[in-house]
Amino acid sequence: MNQLSIIVSSTRPNRIGHKVTQWVSEQASREQWEVRILDLGEINLPFFDEEDMPKNGNYAKPHTQAWASAIFESDAVLVVTPQYNRSYPAPIKNAIDYLFAEWDSKPIGLVGYGWSGASDACADLAKVLTHVKADVVGGLGLSFPEQLTIDGSVVDAEGAASTELRDLLDTLHSKVLDLDGVAAQS
């Protein structure tokens, strides 16, 4: 079974990202995924503190090594992100900036939530992830109050949002199978 890591990108007190992540995790677990949740609030990466550039891969700090292993071991990643001030939260940018090779060709999906479904946050995240050579395959936006309550409950749990998430998970799974096929031919 393939491993899907879901990154909770918000670290704010009273955040709802963990509730959205739980819904995403339940959907993914029904599919062909072993799910691991990577909560940036719990991981608590300091602002980038490595001496060398991430592109060189010389990770000296234990927190960087653990983060690099978590991403490297993931077959695919879903980033769950709110939209703060028309973009994504600083902790996810910091987490991306810590690594380089681990993102290369990694299939990544984006699940945004907020008043506009986090469309700006997801667009900005896609640009950054593409720059580090991740394979951003698509996204899903959950909007207040149509699909999501203010406390983080998914209202549209079995409707269009669920269908869009299943499609995103299928696309991620196809990308993983494609990568496995390429690796087998090497």
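The values are calculated or read from the model by the stated rules, or taken from the named source; none is laboratory data. For clarity, every value in this text was computed on a predicted model and none was experimentally measured. Heads up, the Cβs are rebuilt from the backbone with ideal geometry, glycines too, and the neighbour counts pull from every protein chain shown.
At-a-glance table
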| read-out | value |
| --- | --- |
| Some residue of segment 35-55 being closer than 25 Å to Thr171 by Cα and more than 13 Å from the chain's Cα centre (by Cα) | no |
| Single unsatisfied condition, Leu110 versus (1) outside any helix (DSSP H, G or I); (2) touching a residue at least 60 places away in the same chain (Cβ under 8 Å) | (2) |
| Residue that is farthest from Pro89 (Cα to Cα), among those in segment 119-160 that are over 17 Å from the mean Cα position of the chain (by Cα) and outside any loop (DSSP other than H, G, I, E, B) | Ala160 |
| Long-range neighbours under 6 Å by Cβ, at least six apart or interchain, first residue under 27 Å from Asp180 (Cα atoms) within segment 49-77, second assigned to a helix (DSSP H, G or I) and charged (D, E, K, R) | Ala68/Glu102; Ile71/Glu102; Phe72/Glu102 |
| Only listed residue being touching a residue at least 60 places away in the same chain (Cβ under 8 Å), out of contact with any His (no Cβ under 6 Å at 6 or more places or on another chain), farther than 18 Å from Leu4 by Cα and acidic (Asp, Glu), chosen from Asp120, Asp170, Asp124, Asp151 | Asp151 |
| Segment 86-105, subset in contact (Cβ under 8 Å) with a residue 60 or more places away in the chain, of a type outside the set (Phe, Trp, Tyr) and not in a helix (DSSP H, G or I), residue farthest from Leu129 (Cα to Cα) | Pro89 |
| Residues of segment 153-176 satisfying the condition of being modelled with pLDDT of 90 or more and surrounded by 14 or more Cβ atoms within 10 Å (Cβ to Cβ) | Glu164, Leu165, Arg166, Leu168, Leu169, Thr171, Leu172, His173, Lys175, Val176 |
| Residue check for Leu78: at pLDDT 95 or above, in a loop (DSSP other than H, G, I, E, B), within 29 Å of Val154 (Cα to Cα) and of a type outside the set (S, T, N, Q) | no |
| Residue that is surrounded by the most Cβ atoms within 10 Å (Cβ to Cβ) [pool: residues in segment 83-109 that are farther than 19 Å from Val20 by Cβ and among the small types (Gly, Ala, Ser)] | Ala101 |
